[in-house]
Every structure is written in C-alpha cells, then in structure tokens.
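Here the structure is laid out as structure tokens; the discussion comes afterwards.
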Amino acid sequence: MATASTTAMKLLCSALVPSTINDRIAAVGRLTYSNNYVAVALSDTSVHVFSILDGSHKLGFKDPCGKNVWAHAIIDDMLVIGSADGVLRTWSILQG
C-alpha cells in the first residue's frame, strides 16, 4: 500500500522527470530537494537533478562504480552523493 509520501514523491517526479526516466519511477531510491532543484536517485544507479523553477534536466549520470546511491544532498549549486562503495562524490549542478 502506497503511503502519502510515496504518492507525493511519484507525483512530483512525474511532473519533473522526462518520460524516458519516468518509466522507472517505481524504482526511486531517494528524493532530495532545495529551493532551486530536485534530485532523484534511481535503482539503476543513476541520479538526476531537475530545476524546480522550469523543470529542466540539469544533471544526470550513473554512479561511476555502478553502485546504488544511498544518500545525496543539494548544497547551493552542488550535489553531494554517497553510494554503496562508501565514497562521497560532488558534482556542480551548473557545470554538469
């Protein structure tokens, strides 16, 4: 049974995530947001960042080690991820 937060997350992702990614919404592992961005980690080891303001896709990548991303945070215009290999990585959302 879906919880209210799961339903809200799917609705938010449906609105922001392109249809090529939207097919995998059931596999969302983690969702993080800030004033400007929403980041979603999927079970295929990919992470995507979208603009809350216009819905544009700002950043997308697969975890370099092929591990699931268990934690991520948005700090200003930086994305920080922690994956199953125990390494923290940072990406500039503006520079991709």
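The values are calculated or read from the model by the stated rules, or taken from the named source; none is laboratory data. These figures come from a predicted structure and were not determined experimentally. With ideal geometry, Cβ positions are generated from the backbone for all residues, glycine too; neighbour counts draw on all protein chains shown.
Structure summary
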quantity	calculated
Members of the range 65-96 found to be under 14 Å from the mean Cα position of the chain (by Cα) and among the hydrophobic types (A, V, I, L, M, F, W, C), listed by number	69, 70, 71, 73, 74, 75, 78, 79, 80, 81, 91, 93
Candidate set: the range 24-38, residues that are at pLDDT 75 or above and not charged (D, E, K, R); chosen: the one surrounded by the fewest Cβ atoms within 10 Å (Cβ to Cβ)	35
Tally of residues being in contact (Cβ under 8 Å) with a residue 40 or more places away in the chain, under 17 Å from residue 70 (Cβ atoms) and among the small types (Gly, Ala, Ser) across the range 29-57	3
Answer residue from the range 58-74, given it is under 18 Å from residue 38 (Cβ atoms) and without any contact (Cβ under 8 Å) to a residue 40 or more places away in the chain and is surrounded by the fewest Cβ atoms within 10 Å (Cβ to Cβ) among those	60
Number of positions in the range 83-96 that are more than 13 Å from residue 37 (Cα to Cα) and touching a Lys or Arg at 6+ places or on another chain (Cβ under 8 Å)	4
Residue in the range 39-48 that is farther than 12 Å from residue 94 by Cα, over 10 Å from the mean Cα position of the chain (by Cα) and at pLDDT 85 or above present	no
